[in-house]
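Inspection log for the structure reproduced underneath, given as structure tokens.
The values are calculated or read from the model by the stated rules, or taken from the named source; none is laboratory data. Note that the structure is a prediction, hence the values are computed from the model and not measured. All Cβ positions, glycine included, derive from the backbone under ideal geometry; neighbour counts span all protein chains shown.
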Amino acid sequence: MISEAEDTYLVGKSEKSVRPKETIALLHLFVLLLNHNVSLIYSTMRELAIPPAALKDKEAFEILRVWAAFEEQHVTIHSGLNGSAGDFGYLLAELALHASKLYAERFETNEFDMLKEILDGFNKEIINESGNPNGRIEE
């Protein structure tokens, strides 16, 4: 029996009750997941978790996505970004600083040495242009 105050549904062998507001919240979450293309397929493909702050901020949006596939990097950059190329440099610097913390912790060394190694790798790639970036703006 379903009352106006609660809906009841079965989960496995246990019965759960959900109030209408909770049902709406669950439906809203489901719609958000669909809108952001979050699916079981991605989780099996090892997609990284969305940062908690981004989940809480209604204005949050994804800027950059990098995948390793077929021994190459495959990149998607949000084509509607505001700002300048210099602002994108700021983004790259922030990524390098985060990565230097990760590697310093992993290799039990200091962040400065790891940042220097990251910058050396960056400069080598820019000078040698060993990659083959190509693509186009898609709306």
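Considering the range 81-139, the residues that are of a type in the set (S, T, N, Q) and in a helix (DSSP H, G or I) include one that is farthest from Ile63 (Cα to Cα), namely Asn128. Of the residues making up the range 108-139, those that are on the phi > 0 side of the Ramachandran plot and either touching a residue at least 40 places away in the same chain (Cβ under 8 Å) or touching a His at 6+ places or on another chain (Cβ under 9 Å) (or both) number 1.
The residues of the range 104-139 that are closer than 21 Å to Leu64 by Cα and among the aromatic types (Phe, Trp, Tyr) amount to a single one, Phe122. Counting only residues that are β-branched (Val, Ile, Thr) and modelled with pLDDT under 95, the range 82-139 holds 3 of them.
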